[in-house]
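Accompanying notes for the structure given below.
The values are calculated or read from the model by the stated rules, or taken from the named source; none is laboratory data. Keep in mind that this is a model prediction, so the values were computed, not measured. Cβ atoms come from the backbone with ideal geometry, glycine included; neighbour counts cover every protein chain shown. To get the accessible areas, we keep the full protein, side chains included, count just its heavy atoms, and leave off ligands, DNA and RNA. Shrake-Rupley method; radii C 1.70, N 1.55, O 1.52, S 1.80 Å.
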Amino acid sequence: MGADLSYPQVVISPERTYIVTGGNTGIGFCIAKEIAKMGGRVIIACRNMSKAEAMQEEYEKELKEKQENVQETNRTEPKLLNVEMMELDLASFDKTMKFIEEFKTRNCPLHVLICNAGVVTASKEMTDDGYEMMLQSNYLSHLLITLHFLPILQKSGDDARIVNVSSDAYYMGTFDPTNLNCERSFGKVGIYGNSKLFQIMSTLWLSRHLKYPTVSITSCYPGIVNTRLLYATAIGRLLSNFYPRTPLDGAATIIKAATDPEFKGVTGVYIKDCKTTSTTSYAKRVDIQNQLIDYSLQSMSKYLPTDLKDCIDYEDQGST
């Protein structure tokens, strides 16, 4: 019996703004498109702008064809999708900050931040900042964006959300202070799992320490999806033969977390197959979460917002 990968087709105000990182391909493509079809304003943040522009053209072509066929037209959909592109390279703190500052200068609201972009590298690669590629791209840079955008999210209304796209690969992750940056060893499955474990742990930590009750934060698992990312590992290629799930199926859980009115105010949870579920006891360990956050903030210290203490209460608030 398959999972019920459904989400309500809500009508979203065109003033409600969503950022989707990595929205130019795969799951992110579907997330951005479906939210835009509901009426929301979507900003796709990605590194490859030419692919993003081609994706936007595909959006518009699909919508035009649908509207030309009266029987297939959903009249609740907007005539034009409110989608725009911004350049974001998560492998660089400087370039990530450029994206952050460019968005801030717009002085526009942000209601939902969807941290979707992710990479898997076949061998050890270090960024110009000196961090392992998956650690920085999948986890650290997304956390940096989150910390900078917290005040904007808080000011944007009573239902602001942060949705981290994680993975059950976190089961293979571990917090090893002696090998956080692959100082001793590299294994792509384990290091990818680390980046996803850290996403979940930071989600749980932030859900306890955010000073803003109107901002919720969740982690989502899209399932094993036939995208380019899946084929980056031998295990993924094997699993693709047994767990066929389309990018839209994979996007469903994230779309639900980002748009479903029932998820308003729901925070600090892991969502899988469109339902909340429990994480491992290891991911919930507050002592490790604290060590992770200390390491993360130290790693990004020169890029952190000056008003961070206005957003986050550093005093430990107990276990999740």
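Please indicate, with yes or no, whether at least one residue in the stretch 22-30 is assigned to a helix (DSSP H, G or I), at pLDDT 75 or above and under 21 Å from residue 103 (Cβ atoms).
Taking every residue of the stretch 22-30 in turn, at least one turns out to be assigned to a helix (DSSP H, G or I), at pLDDT 75 or above and under 21 Å from residue 103 (Cβ atoms).
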### Task
Read through the list (1) out of contact with any Leu (no Cβ under 8 Å at 6 or more places or on another chain); (2) assigned to a loop (DSSP other than H, G, I, E, B), then give the number of the only condition that residue 101 fails.
(2)
## Note on the structure
In the stretch 108-148, residues that are part of a helix (DSSP H, G or I) and free of Cβ contacts under 8 Å to residues at least 60 places away in the same chain total 4
### Query
For residues in the stretch 120-130 being touching a helix residue (DSSP H, G or I) at 6+ places or on another chain (Cβ under 6 Å) and within 20 Å of residue 300 (Cα to Cα), which is least open to solvent (accessible area, probe 1.4 Å)?
127
### Summary
Of (1) assigned to a strand (DSSP E or B); (2) surrounded by fewer than 21 Cβ atoms within 10 Å (Cβ to Cβ), residue 95 satisfies every one except (1)
### Task
Give the number of residues within the stretch 216-227 that are at pLDDT 95 or above, open to solvent by 10 Å² or more (accessible area, probe 1.4 Å) and either out of contact with any strand residue (DSSP E or B) (no Cβ under 7 Å at 6 or more places or on another chain) or of a type in the set (A, V, I, L, M, F, W, C) (or both).
0
### Task
Go through (1) touching a strand residue (DSSP E or B) at 6+ places or on another chain (Cβ under 9 Å); (2) of a type in the set (A, V, I, L, M, F, W, C); (3) surrounded by fewer than 20 Cβ atoms within 10 Å (Cβ to Cβ) and name the single condition residue 133 misses.
(3)
#### Entry: Top-ranked residue in the stretch 45-62 [being at pLDDT below 95 and open to solvent by less than 10 Å² (accessible area, probe 1.4 Å); ranked as farthest from residue 83 (Cα to Cα)]
46
## Note on the structure
Within the stretch 32-48, of all residues that are small (Gly, Ala, Ser) and in a loop (DSSP other than H, G, I, E, B), the one nearest to residue 88 (Cα to Cα) is 40
### Summary
Those residues of the stretch 3-15 that are more than 10 Å from residue 35 (Cα to Cα) and touching a strand residue (DSSP E or B) at 6+ places or on another chain (Cβ under 9 Å) come to a total of 5
### Task
Could you tell me which numbered condition residue 184 fails, if it satisfies all but one of (1) farther than 24 Å from residue 314 by Cβ; (2) of a type in the set (Lys, Arg); (3) modelled with pLDDT of 95 or more; (4) part of a helix (DSSP H, G or I)?
(4)
### Task
Among the numbered conditions (1) surrounded by 19 or more Cβ atoms within 10 Å (Cβ to Cβ); (2) modelled with pLDDT of 95 or more; (3) not aromatic (Phe, Trp, Tyr), tell me where residue 102 comes up short.
(1)
### Task
Working carefully through the options 115, 108, find the one that is crowded, with 18+ Cβ neighbours inside 10 Å and modelled with pLDDT of 90 or more.
115
### Query
Counting only residues that are open to solvent by 10 Å² or more (accessible area, probe 1.4 Å) and in contact with a Cys (Cβ under 9 Å, 6 or more places away or on another chain), how many does the stretch 27-40 have?
0
### When residues of the stretch 190-211 are limited to those that are touching a Leu at 6+ places or on another chain (Cβ under 8 Å) and small (Gly, Ala, Ser), the one farthest from residue 171 (Cα to Cα)
202
### Message
I'm trying to understand the selection: among the residues of the stretch 274-287, which are in a loop (DSSP other than H, G, I, E, B) and more than 16 Å from the chain's Cα centre (by Cα)?
### Response
278, 279, 280, 281, 282, 283, 284, 285
### Task
Look at the stretch 296-310 and say how many of its residues are surrounded by 14 or more Cβ atoms within 10 Å (Cβ to Cβ), assigned to a loop (DSSP other than H, G, I, E, B) and of a type outside the set (A, V, I, L, M).
1
